[in-house]
Structure formats: C-alpha cells, structure tokens
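Take a look at the structure below.
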Amino acid sequence: MLKTILILLVLVGAVLGPGYWIHGKFFTGQSVQVMTFTAGEAGRWTSGEFEVTTDMAPLGLILTAAGNFKPNTTEDQVPKDPYGATLYYQDAPLHSIVFSLSPGAVTNSNPVFKEHLFYMKHLQAGKYRLELEPKVTPRMTLSDLKLDVKAGIQEPDGALAAAGVSMLIVGGVLLFLL
C-alpha cells in the first residue's frame, strides 16, 4: 500500500513539476509569427523585424535551432556554447540575456534546441527584432534558426512547479529506500 502511495506521489510530482513547467513554457499561447534568422559576421544571427501589439501580452519568444559538431569528442568534452540574446525595440536595445546551448551528450552530434528566451508580461506596441551572438568561439555549428513569437502564453507558477519537483524527489527517494 505504501509503495502504491509513493508511486502516485512520484507521478503527481512529475506532472506538477517538470510536466507543468514544460507545458507552460512551450505549449501554451498561440504562435503569431515565426521568423527566420539570417547569419551575419562573427557568428551573429539576426531575426527579421516582427510587429507586436499590446493585446498579445503576455508574449513569449522561443528559439529553435539545429546544431552540429564533430562526433569524435570525448565524453567529458560535451560542447556548451554561450550566446547573448538582445531584444531590440524600435532599433534600441530593450532586454539582454546570456544562455547556453548544449546537446547534453557527445553521442548527440546533431542536436535540435528549443529555448524559451524572453517572457514579456507588459508590451509596448511596435517593431521588435532579436540578435544572437556567441560569447566565445562556438564549438557547434548552428543552422535553421527560427524565432517563434507566441501571444497569450501562460508563465508557469514557480511555487507549484517547485512543489511538484519536491514531491517527485521525496517520492523517489522513499521508493528507493523501501
């Protein structure tokens, strides 16, 4: 009976934790535009301009990209390339972040990435564009970069996601100890 309760705790934790978070970040809202990036100098990428209206809030910007690297690297040398993303509003920088792209394992030499870059609760109507630039010389070659502009997304509640992860961990540890 206890084992059944712990299995249910793990399942509910998986749904409320990672499942809820992934659903909120990537599967809510409506895709209003998909922009293709163009390659520039020194590994820079620029999206086309996209129009935003205030009724699109909350808005999410999701990057998808394909990667490629030499598969003959050792297990302890998994590529992890840091990039800077700058969001421009009316040709002036608005927000900047740094994020990393990594395939997770050297056996995945042709990874596909999906990164939630920006969440904007309050919008200013106008023209936006996104620029990406490598922070170091990239070990992976990127291709097929697209920016999905999603309107009406629902940002996951951090407390609920944390509670789910806690349930998942507690249930998993107790199952292991039985």
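In table form, for the structure just shown:
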{"quantity": "The range 12-48, subset part of a helix (DSSP H, G or I) and free of Cβ contacts under 8 Å to residues at least 60 places away in the same chain, residue surrounded by the most Cβ atoms within 10 Å (Cβ to Cβ)", "calculated": "22"}
{"quantity": "Residue list for the range 56-68, filter: of a type outside the set (Gly, Ala, Ser) and either at pLDDT below 95 or buried (at least 17 other Cβ atoms within 10 Å of the Cβ) (or both)", "calculated": "56, 58, 59, 61, 62, 63, 68"}
{"quantity": "Search result, residues across the range 98-130 that are part of a strand (DSSP E or B) and over 19 Å from residue 80 (Cα atoms)", "calculated": "118, 119, 120, 126, 127, 128, 129, 130"}
{"quantity": "Candidates 52, 98, 78, filtered to the one that is under 25 Å from residue 31 (Cα atoms) and without any contact (Cβ under 8 Å) to a residue 60 or more places away in the chain", "calculated": "98"}
{"quantity": "Positions within the range 123-153 being surrounded by fewer than 14 Cβ atoms within 10 Å (Cβ to Cβ) and under 19 Å from the mean Cα position of the chain (by Cα), in sequence order", "calculated": "135, 141, 143, 144"}
{"quantity": "Some residue of the range 69-86 being part of a loop (DSSP other than H, G, I, E, B), surrounded by fewer than 12 Cβ atoms within 10 Å (Cβ to Cβ) and of a type in the set (Asp, Glu)", "calculated": "yes"}
{"quantity": "When residues of the range 109-127 are limited to those that are in contact with a Phe, Trp or Tyr (Cβ under 9 Å, 6 or more places away or on another chain) and without any contact (Cβ under 8 Å) to a residue 60 or more places away in the chain, the one farthest from residue 64 (Cα to Cα)", "calculated": "109"}
{"quantity": "Flag for residue 3 being charged (D, E, K, R), buried (at least 16 other Cβ atoms within 10 Å of the Cβ) and not in a loop (DSSP other than H, G, I, E, B)", "calculated": "no"}
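The values are calculated or read from the model by the stated rules, or taken from the named source; none is laboratory data. Just so it is clear, the structure is predicted and the values come from calculations on it, not from any experiment. Quick reminder, even Gly has a Cβ in these numbers, built from the backbone with ideal geometry, and neighbours come from all protein chains shown.
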